[in-house]
Amino acid sequence: MDWTYRLRLRHLQFLLSIAQTGNLSQSAQALHTTQPALSKWLKDLEADIGLPLFERHARGLRLTPYGQALLGHTQRIAGHLDSVREDMRALRDGGSGRVVVGTSGVTATGIVPLAITRLIEQLPRVQVRLAESAMNQLIPQLLQGELDIVVGRAMPAGTLLAGHGLHAEMLYRDSVNFIASLRHPLARRKTVDWDSLFAYPWIVWPEGTPIRQALEAALVSAGHSLPRYCVESNSALLNLALLAHSELIGIASHRAARHFASLKLARILPVALNGFGEVSMYWRTDENRRAVTLALDCLRAASREQDDAQPGAPQHSPPAPTSEF
């Protein structure tokens, strides 16, 4: 019999715990079993697979590359099971299921709230959970099953996505703007030159995030580079708070910047930056729950609605066909 047929859900907990503690005695205590029984299970599993999953050291156990590969699959299975449990709980309580959406700062104040509003109108009993973070943190959570959908600046197709069964669909293209508080010395100027920008400290998104990459590319196109000393933050709310209490200059996508300006939370500085970034949504190819499918449709509709509501906005390409990683 194939070794996968002998695995039980409890065995997944065994592997996750051993990987976390690196200690059989600690894991056995936490799992309410004995150390000899746990040691025998691990030895039998390695024999069944034909690969060493852990290296034995004086200080405990350390995952081998084979163990790392199996752990990744185990984490995704555990994440899917958590999603199933919460979805069934929502349905049992009379709801319409559950959807967990991860959003980056570029979409946290734009299409995601608009889409969730649409979703609740169509499924009043749906259970929604939102998580805001940087894309390089959200995508791994999606892969592990902790999130159902991720919306944010498009990630470059690479090893992080390849072969993991994700759909990607571009929602729109967007440029990058400099923003500042309404009381900033540059806020009332009709023109702002680069020397004026570099005279003030900047707050930027962390290195490796798509919006940071879009900014750096736009700066290179303009013949400049990022200031040596910047404040880094991956929270749109925190960025706005910092701008309001300082003379920092911030960075925001064009849609987010328009939104902040309409609420009188910030002013767009008149500095031209070339280049556009793509905003996409990601979800797993094996996902077919009604609440998630409807949430994807609401995100598409919200993207179109924002375009229609902004007649002066730059022209955006229509959504690209869904691609699979």
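The values are calculated or read from the model by the stated rules, or taken from the named source; none is laboratory data. As the structure is a computational prediction, the values presented were derived from the model and not from experiment. FYI the Cβ positions are ideal-geometry reconstructions off the backbone, even for glycines, and counts take in every protein chain you see. Heavy atoms of the whole protein, side chains included, go into the accessibility calculation; ligands, DNA and RNA do not. Shrake-Rupley method; radii C 1.70, N 1.55, O 1.52, S 1.80 Å.
Taking the Cα centre of the chain as origin, sum charge times position over the Cβ atoms of Lys and Arg (+1) and Asp and Glu (-1), and report the length of that vector in debye to the nearest 20.
Working: 33 positive and 29 negative charges, 129 e Å.
Using only the charged Cβ atoms, the result is roughly 620 debye.
Could you compute the FRET efficiency for residue 20 and residue 199, with r as their C-beta to C-beta distance and R0 at 30 Å, rounded to 0.05? Before the final figure, lay out each step's value.
Details: r = 49 Å, r/R0 = 1.62.
Efficiency, from the Cβ-Cβ distance: 0.05.
What does the net charge come to around residue 75 if you take all other residues with beta carbon closer than 15 Å to its beta carbon, with K and R at +1 and D and E at -1?
Numbers: positive: 76, 284; negative: 82, 146.
Taking every other residue near residue 75 into account, the sum is 0.
Starting from the Cα of residue 261, step 7 Å along the direction of its Cβ; do the same at residue 40; then give the gap between the two resulting points in nm.
7.1
Give the residue from 200, 136, 270 lying farthest towards the positive end of the charge dipole for the chain; charges sit on Cβ (+1 for Lys and Arg, -1 for Asp and Glu) and the dipole is referred to the Cα centre.
It is 200, whose Cα lies furthest towards the positive end.
Once the Cα atoms of helix 290-309 and of the chain are each reduced to a long axis, what angle between those two axes, in degrees from 0 to 90 to the nearest 10, is obtained?
Tilt of helix 290-309: around 10 degrees.
Find the all-direction average of the projected area of the Cα convex hull for the chain, expressing the result in square nanometres with one decimal place.
Seen from a random direction, the Cα hull of the chain projects 20.9 nm² on average.
So what's the angle, to the nearest 10 degrees on a 0 to 90 scale, between helix 35-49 and the longest Cα principal axis of the chain?
80
Given 0.36 nm per residue, what is the gain on full extension from residue 137 to residue 84 after removing their alpha carbon distance, in nm?
Working: separation 53, 0.36 × 53 = 19.08 nm, distance 2.23 nm.
Gain in length upon complete extension: 16.9 nm.
Once label points are set 7 Å from the Cα along Cα→Cβ at both residue 229 and residue 59, what is their separation, rounded to one decimal in nm?
With each label placed 7 Å out from Cα toward Cβ, I get 3.6 nm.
At 7 Å along Cα-to-Cβ for each site, give me the label-to-label distance between residue 8 and residue 68 in nm.
Here the modelled spin labels are 3.1 nm apart.
Over the Cα atoms of region 181-250, what Rg and Dmax result, in angstrom?
12.2, 32
Where in region 27-90 are there trypsin sites (Lys or Arg not before Pro) that are in a DSSP coil and have at most 11 other Cβ atoms within 10 angstrom of their Cβ? Intermediate values should be presented prior to the final figure.
Details: sites: 40, 43, 56, 59, 62, 76, 85, 89; in loops: 59.
Answer by residue number: 59.
Starting from the Cα gyration tensor of region 12-56, multiply each eigenvalue by 5, take the square root, and state the resulting semi-axes largest first in whole Å. Walk me through the numbers on the way to the answer.
Working: eigenvalues 58, 24, 15 Å².
The answer is 17, 11, 9 Å, longest axis first.
In square nanometres and to one decimal, what's the mean projected area of the convex hull around the Cα atoms of region 137-277? Write down the numbers at each step before the final one.
Numbers: hull surface 36.8 nm².
That works out to 9.2 nm².
Would you work out which of 60, 29, 302 lies farthest towards the positive end of the dipole of the chain, given +1 charges on the beta-carbon of Lys and Arg and -1 on that of Asp and Glu, about the Cα centre?
Highest projection toward the positive end goes to 29.
Pull out the extension gain between residue 187 and residue 293, defined as 0.36 nm times the separation in residues minus the alpha carbon to alpha carbon distance; nm, one decimal.
Details: separation 106, 0.36 × 106 = 38.16 nm, distance 4.23 nm.
Separation in residues times 0.36 nm, less the Cα-Cα distance, equals 33.9 nm.
How much accessible area per residue does the chain have, in Å², with a 1.4 Å probe? Kindly include the intermediate steps, with their values, before the conclusion.
Working: 16720 Å² over 325 residues.
On a per-residue basis, 51 Å².
Run the reach check for residue 190 against lysines, Cα to Cα strictly under 28 Å, same-chain hits fewer than 8 apart removed. What comes back?
Candidates past the 8-residue exclusion: 264.
If I take every Cα pair under 8 Å that is 6 or more residues apart in the chain, average their sequence separation and divide by the length, what percent do I get for the relative contact order?
Details: 520 pairs, mean separation 73.3, N = 325.
Relative contact order for the chain comes out at 23 percent.
What part of the accessible area of the chain, given as a whole %, is carbon or sulfur when the probe is 1.4 angstrom? Display every interim value, and only then the final one.
Working: 8840 of 16720 Å².
The computed percentage sits at 53.
How much length is gained if the chain between residue 222 and residue 301 is pulled fully straight, taking 0.36 nm per residue apart and subtracting their Cα-Cα distance, in nm to one decimal? Before the final figure, lay out each step's value.
Values: separation 79, 0.36 × 79 = 28.44 nm, distance 3.44 nm.
25.0 nm is the gain from fully extending residue 222 to residue 301.
In degrees, nearest 10, range 0 to 90: what is the angle between the Cα axis of helix 210-221 and the longest Cα principal axis of the chain?
Tilt relative to the chain: about 40 degrees.
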